[in-house]
Amino acid sequence: MRLAGLYVITEPALRDPIEGARLALEGSARIIQLRDKQATTRQLVETGLKLRELTRQYGAVLIVNDRLDVALAVEADGVHLGQDDMPVPMARKIAGENFLIGVSVETVEEARQAEAEGAHYLGVGPMFATATKPDAGEPVGPERLRAIKQAVSLPVFGIGGITIENALAVLKAGADGICVISAIMGAPEPVAATRQFIELMRLPYEKR
């Protein structure tokens, strides 16, 4: 499975993950990531099982942030790993060849390593300043994403501080997709916000 398009990440501080995911799916998002840094393992599993049922109803992909154990327990489609999480080869050995593994990267070197180790896709960021992840490093910007995209053959997603106003710059840099948190989870009308992003991504490249 090759991922592309709009990738929506839950944020319980902004909206209940189940409600937020349902609204994003109604807006035609087809990739949902369960992310909750404060939840216990039991809470993550409970939420993950509900999201698994919901994403199946919409024919969508479910990814779990950081936690391979939770992803496998709820039969998610994949896991997204940070630089400090389990190494990709170890996760692959546990989860199998068909399990999706995404990796967060900031540099060309990290991107090449993730590809060599067997990642399925990359999350490049933070693209812009973001309040959702206070410990994120300095923004890498669209030009870094462009360099990473040229250096690897994997799908590349921009993540971090992306809004409907700046998403175009990320797409023009060559992103296969964009990851969105606040701009959808914190939107007054998440369904409409999701559709806005999808329509933007459907624009022919020559019109962007």
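General remarks:
- Annotation: peptides 161-170, 5-14, ranked by per-residue average of other Cβ atoms within 10 Å with the highest first, follow the order 5-14, 161-170.
- Across the options Ala173, Ala114, Pro139, the greatest Cα extent toward the positive end of the charge dipole of region 106-208 (unit charges at beta carbon of Lys, Arg, Asp, Glu) belongs to Ala173.
- As a length-normalised measure over Cα pairs under 8 Å and 6 or more apart, the relative contact order of the chain settles at 22 percent.
- Using θ = phi - 60° in the Karplus curve 6.51 cos²θ - 1.76 cosθ + 1.60, the 3J(HN,Hα) couplings for region 115-120 round to 5, 4, 7, x, 5, 8 Hz; x is entered for Gly and Pro.
- Peptides 175-182, 72-79 ranked from most to least packed give 175-182, 72-79, packing being the mean of other C-beta atoms within 10 angstrom over each peptide's residues.
- The fraction of all Cα pairs in region 5-207 landing in successive 5 Å bins from 0 to the largest distance is 1, 8, 17, 20, 22, 18, 11, 3, 0, 0, given as whole percents.
FYI, it's all coordinate maths here, none of it is from the lab. All figures in this text were calculated on a predicted structure; none of them were measured in a lab. Positions of Cβ are generated from backbone atoms using ideal geometry, with glycine treated the same way; all protein chains shown enter the neighbour counts.
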